[in-house]
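S.K.: Before I ask anything, let me first share the structure, which is written out below as structure tokens.
Bear in mind these aren't lab numbers, they're just calculated from the coordinates by the rules spelled out. Note that the structure is predicted; figures quoted are calculated from it, not measured. Ideal geometry is used to build each Cβ from the backbone, glycine not excepted, and the neighbour counts take in all protein chains shown.
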Amino acid sequence: MVSANVSGRDLGSVIKEVRDRVKSVKLSSGYYVELGGQFQAQEKATQTLIIAGLAAFAVISVLLYFAVMQEYELTKRQVEAALAYATDLVKQTEVVPLGA
């Protein structure tokens, strides 16, 4: 086990550099490299934030869709009612020829 503290650099860039350097190291059978600690917690938090952000985006999209569809249906009914009213007015209007 090797441990280290990061100072003066961000943790992500240090981990990237460690991963790049470890790739070139040949390990004996049965040995492996595992990075943990604060970096592992940071990766988990990032994944959680991405999932939460996507879920929030999906919920907001669905809510907006229903709000727009409700407004569309309301406007459609209002237009249909106005057309029906105008049609009734036209039917009730007496046509008087010009010059009579």
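S.K.: For n ≥ 4 DSSP H runs only, could you compute -39500 (n - 2.57) per run for the chain, divide by its residues and tell me the 222 nm figure to the nearest 500?
M.R.: -25000 deg cm²/dmol
S.K.: Could you state the per residue volume, in Å³, of the convex hull enclosing the Cα atoms of the chain?
M.R.: Details: hull volume 24.5 nm³, N = 100.
Per residue, the Cα convex hull of the chain comes to 245 Å³.
S.K.: Measure off 7 Å from each Cα along the Cα-to-Cβ vector at GLN78 and VAL96, then give the distance between these two points in nanometres to one decimal.
M.R.: 3.5 nm
S.K.: Can you give me the Cα centroid spacing of the stretch 77-95 and the stretch 31-66 in angstrom?
M.R.: Using only Cα atoms to place each centre, the spacing works out to 56 Å.
S.K.: Work out the FRET efficiency for LEU11 and GLU71 from their Cβ-Cβ distance, taking R0 = 30 Å, and round it to the nearest 0.05.
M.R.: After rounding to 0.05, the efficiency reads 0.05.
S.K.: Hand me the tally of lysine pairs in the chain: alpha carbons under 23 angstrom apart, and the pair either on different chains or 8 or more positions apart. Before the final figure, lay out each step's value.
M.R.: Details: LYS16/LYS26; LYS16/LYS44; LYS23/LYS44; LYS76/LYS91.
The result is 4.
S.K.: Here is a follow-up. Take peptides 89-99, 68-78 and line them up by average Cβ neighbours within 10 Å, highest first, as a rough protection proxy. Let's see the in-between values first.
M.R.: Values: 89-99: 6.3, 68-78: 10.0.
Descending packing order for the listed peptides: 68-78, 89-99.
S.K.: For a quick check, take a GNM of the chain with Cα springs below 10 Å and name the residue from GLY53, GLY30, GLY12 with the largest mean-square fluctuation.
M.R.: Maximum among the listed residues: GLY30.
S.K.: How high is the FRET efficiency from LYS23 to LEU54, r the C-beta distance, R0 25 Å, rounded to 0.05?
M.R.: Efficiency, from the Cβ-Cβ distance: 0.20.
S.K.: What's the local net charge at GLN42, with K and R +1, D and E -1, over the other residues with C-beta under 15 Å away?
M.R.: Taking every Cβ under 15 Å from that of GLN42, the sum is +2.
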